[in-house]
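Take a look at the structure below.
The values are calculated or read from the model by the stated rules, or taken from the named source; none is laboratory data. As the structure is a prediction and not an experimental result, all values here were calculated from the model. In this analysis, Cβ positions are derived from the backbone assuming ideal geometry, glycine residues included, and neighbour counts consider all displayed protein chains. Surface areas here come from the heavy atoms of the whole protein model, side chains and all, with no ligands, DNA or RNA. Shrake-Rupley method; radii C 1.70, N 1.55, O 1.52, S 1.80 Å.
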Amino acid sequence: MEQSPIALIYGTDTNNTEEIGKKIVTQFEDLGVSVEMFNIKDTDPSIMEQYDMLILGIPTWDFGGIQADWEDLGDNLGSLNLANKTIALYGLGDQFGYGDYFVDAMGWLYEKLKPTGATFIGEWSTEGYEFEASRACINGKETFIGLAVDEDQQFELTDERVEQWVIQLYAERSVEAA
Ligand SMILES: Cc1cc2nc3c(=O)[nH]c(=O)nc-3n(C[C@H](O)[C@H](O)[C@H](O)COP(=O)(O)O)c2cc1C
């Protein structure tokens with residue numbers, strides 16, 4: 001079945017979230033799926049309404065703070081028309097430097113978008129991470145709402161995590177589309 005393309009939309013302060021976005025896009029291309037990539041800074045958020053599936057990337061800054069370009073959108077996110085969309089989140093953070101706030105902004109983004117009624121895929125196990133607390137956790141501390149990437153402390157694990165996550169998204173998306 002022909003499916004609409006996917007959009008990957010990210011915010012970033014020091015480019016790590018963009019670099020991970022490129023890796024995600026490349027992995028999808030390897031599976032024969034095209035993904036269009038946008039920096040939220042240069043993009044009207046209503047573009048999200050034009051895609052069936054959205055992959056949204058956000059880093060956490062300043063002790064649980066929200067990346068500035070995403071934060072500027074704030075409450076407007078909840079009023080987007082995304083009820084029939086599939087959304088996957090990924091978050092960048094530093095689990096040793098900021099273990100009480102690890103990838104918190106990904107949790108914030110989830111909280112903002114949940115009222116739209118969108119379907120979220122791409123939950124990710126917290127196994128292999130060491131942190132005290134995260135706003136991005138669901139099911140207690142067992143699962144993140146999306147992929148957590150730590151380029152500061154576990155960059156050597158990133159490629160494998162991204163590869164596995166994209167395969168997971170590909171499978172979950174097929175189920176959603178069926
Ligand atoms: C001053 C400062 C504060 C940070 N605060 C947090 C934080 O509260 N939680 C977290 O998980 N990571 C935190 N980080 C780590 C960043 O999220 C991480 O470096 C990320 O890769 C940056 O992504 P970006 O390059 O896309 O902006 C912080 C980093 C710095 C330098």
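Observations on the model:
- Screening the chain for whole DSSP H helices with an alpha carbon extent of at least 20 angstrom along the helix axis and a mean Kyte-Doolittle hydropathy of at least -1.0 yields 16-30, 155-177.
- Segment Ser174-Asp44, length gained on full extension (0.36 nm per residue, minus Cα span): 44.0 nm
- Note on the chain: GNM, Cα springs under 10 Å; of Phe120, Phe155, Phe144, the largest mean-square fluctuation is that of Phe155.
- For Ile138, distant residues with modelled amide H under 5 Å away: Thr143, Phe144, Ile145
- For the stretch 6-177, the relative contact order is 22 percent, taking Cα pairs closer than 8 Å that sit 6 or more residues apart in sequence and dividing their mean separation by the residue count.
- Amide H contacts of Ile87 (H built 1.01 Å from N, in plane; Pro and chain starts excluded): Leu54, Thr119, Phe120, Ile121 sit under 5 Å, all sequence-distant by 5 or more or on other chains.
- For the options Gly107, Gly32, Gly11, a Gaussian network treatment of the chain with springs between C-alpha atoms closer than 10 Å singles out Gly32 as fluctuating the most.
- In Å², nearest 10: area of Ser125 left accessible to a 1.4 Å probe: 60 Å²
- For the stretch 86-99, putting each phi into the Karplus relation 6.51 cos²θ - 1.76 cosθ + 1.60 with θ = phi - 60° gives couplings of 10, 10, 10, 10, 9, x, 9, x, 10, 6, 8, x, 9, x Hz, in residue order, rounded to whole numbers and with x for Gly and Pro.
- Segment Glu111-Asn76, length gained on full extension (0.36 nm per residue, minus Cα span): 11.4 nm
- Full extension of the chain between Asp62 and Asp159 yields a length gain of 32.4 nm, computed as 0.36 nm times the residue separation minus the alpha carbon distance.
- Thr14 accessible area, 1.4 Å probe, all protein chains in place, Å² to nearest 10: 80 Å²
- Among beta bridges from DSSP that stay inside the chain, the antiparallel ones total about 20%.
- Net charge over other residues, Cβ less than 13 angstrom from the Cβ of Gly11 (K, R count +1; D, E count -1): -4
- Surface share of carbon and sulfur [accessible, 1.4 angstrom probe, percent] for the chain: 43 percent
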